[in-house]
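What follows is a single structure, written as structure tokens, with notes after it.
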Amino acid sequence: MNDIKRPLPNLEERDTEDFWAATLDHELHFQQCSHCDTIVFYPRSHCTGCTEGELISKAASGMGTVYTYSIIRQSYHPFFRNLIPYVVAWIDLDEGPRLLSNVIDTDWQAVHIGMRVQISWETHEGVNLPLFKAAQD
Amino acid sequence: MKQSRLAAIVGIHEFRDRDVMGELSALQIKAQSAARALADAGLNWSDVDAIYDAGEGGGMSGLNISEYFGIRPRVIDTTAVGGSSYQFHAAHALRDIAAGKARLALLTYGSTAHSDRRAIGVGGRAAGGLHPADNLDGFAGSTLIANYAMVAQRHMFDHGTTSAQLAEISVATRLHAMRNPDAVRAMEDLEFLDIRETTIDDVLNSRVIADPLHLLECCMISDGGGALVIAAADVARDCRKKPVWIIGTGEATRYPTMGGDITTSAAVESGAIAFAEAGVTPSEIDIAMIYDSFSITVLTLLEDLGFCDKGEGGSYVTGGRLRFDRPSEGPALNTDGGGLSSNHPGMRGIFLLLEATRQLRGESTAQVDNAKLSIAHGNGGMLGSRHTGGTIILAAD
Ligand SMILES: [Zn+2]
């Protein structure tokens, strides 16, 4: 293996800094408007459903379902090329938001649409990343 | 319904080289293409009073491109929405000409993506970008191809679409490319292996890049460019070539939503608007120039534009129906060879308009007899997440 690290988010980007800070407590946050109940994801500072409300951060359960996925077999990225084949997937969280992530620790040939998954935090300095693995039932 | 005859495409040029060996800049490709397109119309730089530019030649493009070309436009539009930018530009040119703000519009594109060895498709997106959406997604190491592959995967799950059906799109497009000397030269210059007509098995036997998409379902990465001149009706009548009229335009966006259907694109909205404005239906279209970044892009867009119902795209494309020599079975697809086999330097939208125009002039290398109506639909951004749809419907004089 090598020392090349997975690309990490910018922790000072204004809309997403609270989202990433919450990952240090192993919490996956989404936002909901106090006025019109609109769920906002990715995070923002304004409600997209009304002009009045304030967005409240809520912690998702960490459970979700694979909406769709692909197995990546070619990448020129210095980190990801060493993971091939790996799974990227859009995960529908049980609370509604759809998140792009990886399904890990699971036979990639067994990944399928509709598969139940749960969060599996990948630890980094200053941030944890919400990856997913097959749900334990 | 009476169709609009307010503005027409009167000059076109597609830059021939797909590998400039690093010896030309994007700006030079834009300017050389513009001069040829103006000459094609029998016009000159000084006739241009409206400039449309997606900014690929550098920042402050409305100003800098005007100086570079040596023109003094009174309409400046720098809409930049990815590969569909040129559909948006054509729509805005019609609008601006109809409003009396402009009489001669110039659209140009230039790119050295191949010379720059930019890995457009499999490079992995950099994390830490300024847009919050990218800052959330970047860690997963998705690729552009995977973005589209995830649409295909869901399309297969929801509708039973197969890889063999998707391969029909690649096969028809390559058939058309083999008739186009510029496309053949492009494949040679880009060192395609085994340049010939392909079969469904050829596509299925090419290696998988991101499941379920195979290599031969992915567009090339070329250098290239082109230019398009759009004129008001009275100017168009005096040009060298027959005018090709812009009779309908539509614009839309789409981005991820909770519970949203990834297999449906912005073309649903942009197509409906354009067809309504043109007063024609999909069954009347002779030429379908549909953005073929990947096979699944075409399948999805054909459905969304109304050539068949959602989910029926797989059976619709089966049996060679998209070939140029089967006009009784519906429109011919991407008769220049498409992004899959002729020209894709990153933003293909302008080439859709160029070939759509060539067909209505009778100048294509895969000419459909008596072609009267073309559609050119561009998809900008990424089909599987956030993208724009731009639809243009063109009519022969
Ligand atoms: Zn609200």
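The values are calculated or read from the model by the stated rules, or taken from the named source; none is laboratory data. These numbers were taken from a predicted model, which means no experiment stands behind them. Ideal geometry is used to build each Cβ from the backbone, glycine not excepted, and the neighbour counts take in all protein chains shown.
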May I ask you to say which residue of A:Tyr76, A:Tyr42, A:Tyr67 is assigned to a loop (DSSP other than H, G, I, E, B) and touching a helix residue (DSSP H, G or I) at 6+ places or on another chain (Cβ under 9 Å)?
A:Tyr42
Going through segment B:205-230 in order, the residues found to be part of a strand (DSSP E or B) and away from chain A (no Cβ under 12 Å) are B:Gly224, B:Gly225, B:Gly226, B:Ala227, B:Leu228, B:Val229, B:Ile230
Sort out which residues of segment B:140-159 are at the interface with chain A (Cβ under 7 Å from one of its Cβ atoms), of a type in the set (A, V, I, L, M, F, W, C) and buried (at least 24 other Cβ atoms within 10 Å of the Cβ), and write them in order of number.
B:Ala140, B:Ala146, B:Ala149, B:Met150
Qualifying position, being within 16 Å of the ligand (Cβ to nearest atom), of a type outside the set (Val, Ile, Thr) and within 13 Å of chain B (Cβ to nearest Cβ), among A:Pro43, A:Pro85, A:Pro78:
A:Pro43
Which condition does A:Gly53 not pass, out of (1) more than 19 Å from B:Phe139 (Cα to Cα); (2) of a type outside the set (A, V, I, L, M, F, W, C); (3) within 7 Å of chain B (Cβ to nearest Cβ), if it passes all the others?
(3)
Inspect segment B:97-108 for any residue being part of a helix (DSSP H, G or I) and either without any contact (Cβ under 8 Å) to a residue 12 or more places away in the chain or touching a strand residue (DSSP E or B) at 6+ places or on another chain (Cβ under 6 Å) (or both) and give the result as yes or no.
yes
Within segment A:109-123, the count of residues that are more than 9 Å from chain B (Cβ to nearest Cβ) and either in contact with a Leu (Cβ under 9 Å, 6 or more places away or on another chain) or not charged (D, E, K, R) (or both) comes to 10
Output for segment B:251-270, where each listed residue is in contact with a helix residue (DSSP H, G or I) (Cβ under 6 Å, 6 or more places away or on another chain) and away from every other protein chain (no Cβ under 14 Å)
B:Glu251, B:Ala252, B:Ser265, B:Ala267, B:Val268
I'd like to verify a number: residues in segment B:61-94 that are among the basic types (Lys, Arg) and in contact (Cβ under 8 Å) with a residue 24 or more places away in the chain, how many?
1
It is to be established whether one or more residues within segment A:6-29 are within 14 Å of chain B (Cβ to nearest Cβ), within 16 Å of the ligand (Cβ to nearest atom), in contact with a Lys or Arg (Cβ under 8 Å, 6 or more places away or on another chain) and part of a strand (DSSP E or B).
no
Flag if B:His131 is surrounded by fewer than 23 Cβ atoms within 10 Å (Cβ to Cβ), at pLDDT below 95 and more than 8 Å from chain A (Cβ to nearest Cβ)
yes
Among the residues of segment B:141-197, what is the count of those that are of a type in the set (D, E, K, R) and touching a residue at least 40 places away in the same chain (Cβ under 8 Å)?
8
Looking at A:Gln32 and the list (1) within 16 Å of the ligand (Cβ to nearest atom); (2) within 28 Å of B:Val151 (Cα to Cα); (3) in a loop (DSSP other than H, G, I, E, B), which single condition is not satisfied?
(3)
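Within segment A:88-108, can you find the residues that are facing chain B (nearest Cβ under 7 Å) and outside any strand (DSSP E or B)?
A:Gly96, A:Pro97
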Scanning segment A:18-37 for residues that are surrounded by fewer than 16 Cβ atoms within 10 Å (Cβ to Cβ) and free of Cβ contacts under 8 Å to residues at least 24 places away in the same chain gives A:Ala21, A:Asp25, A:Ser34, A:His35, A:Cys36, A:Asp37
Taking the conditions exactly as written (of a type outside the set (Phe, Trp, Tyr), within 14 Å of the ligand (Cβ to nearest atom) and either under 26 Å from A:His112 (Cα atoms) or buried (at least 18 other Cβ atoms within 10 Å of the Cβ) (or both)), does A:Val66 satisfy them or not?
no
Only listed residue being under 20 Å from the mean Cα position of the chain (by Cα) and within 16 Å of the ligand (Cβ to nearest atom), chosen from A:Gly96, A:Gly53
A:Gly96
